[in-house]
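Just so it is clear, none of the values below were taken in a lab; they were calculated from the coordinates. Model, not experiment: these values are computed from the prediction. All Cβ positions, even for glycine, are placed from backbone atoms using ideal geometry, and neighbour counts span all protein chains on display.
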Amino acid sequence: MGTKGKMIVGLDVEKLILTLNKAYSDEWLAHYQYWIGSLVVKGPNKEAAIAELIQHANEELLHATSLATRIIQLGGTPITKPEDWYKFSNCGYEAPDDPYVITILDQNIKGEQCAIVTYNRLLEEIKDKDPVTYNIILTILTQEVEHEEDLEALKEDITMMMERS
Ligand code: FE
Ligand code: FE
Ligand code: MG
């Protein structure tokens, strides 16, 4: 990374790279959970669920890209082995083995809630110390908040539809 660009980071850079690699692992697992979920989901209003799951899968992949780019800028290496995603992840992975739409939405809501708490804690840690990473994480957090709301609203719509039919 550029010498000055690294010097302005008021944090232990190796520790920051590890923290970003943990988030990077979360994003890949979230991407895959949404992506495979969009293919197997079944049940009422599944068309709306599929559209939302695909959109979120794409956005999680973009989060992974932003994190990897920042890790490289800081002189680190993004995790190269998928098996390490499990080891480094904060939020884990829930397989959509039950394809019922409400179950899949609940699994992904849980994942978003973990992401929100994790990124919020990270922002507190880097506040005033690394504005560049802060800006990246803030952008990601803003999208995770949207994701949670989208999924909760969709779950509410499906539940209401079932209650009225
Ligand atoms: Fe994400
Ligand atoms: Fe998300
Ligand atoms: Mg959405």
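Find how much the distance from residue 7 to residue 61 grows on full extension, using 0.36 nm per residue of separation minus their present alpha carbon separation; answer in nm with one decimal.
Working: separation 54, 0.36 × 54 = 19.44 nm, distance 2.89 nm.
Contour length minus Cα-Cα distance gives 16.6 nm.
Can you give the convex hull volume per residue for the Cα atoms of region 43-165, as a whole number of Å³?
Normalising the Cα hull of region 43-165 by residue number yields 105 Å³.
If you average the alpha carbon positions of region 9-46 and of region 83-153, how far apart do those two centres end up, in angstrom?
Here the answer is 7 Å between Cα centres.
List, in the order given, every pair from 129/155; 6/81; 22/42 whose Cα-Cα distance in the structure shown is over 28 Å. Don't jump to the answer; show the numbers that get you there.
Numbers: 129/155 39 Å; 6/81 26 Å; 22/42 31 Å.
Over 28 Å Cα-Cα: 129/155; 22/42.
Counting only other residues whose beta carbon sits under 12 Å from that of residue 15, what net charge do I get with K and R as +1, D and E as -1? Mind dumping the intermediate values first?
Working: positive: 22, 129; negative: 12, 14, 125, 130.
After counting each charged neighbour, the total is -2.
Using a Gaussian network model on the chain with a 10 Å cutoff between Cα atoms, which of 57, 48, 115 fluctuates the most?
Evaluated over the chain, the most mobile residue of the options is 48.
Which residue, 141, 44, 111, has the largest displacement toward the positive end of the dipole of the chain when charges sit on each Cβ (Lys, Arg +1; Asp, Glu -1)?
In the chain, that residue is 141.
Which whole-number percentage describes the relative contact order of the chain, with Cα contacts under 8 Å and a sequence gap of 6 or more? Before the final figure, lay out each step's value.
Working: 177 pairs, mean separation 47.8, N = 165.
Relative contact order here is 29 percent.
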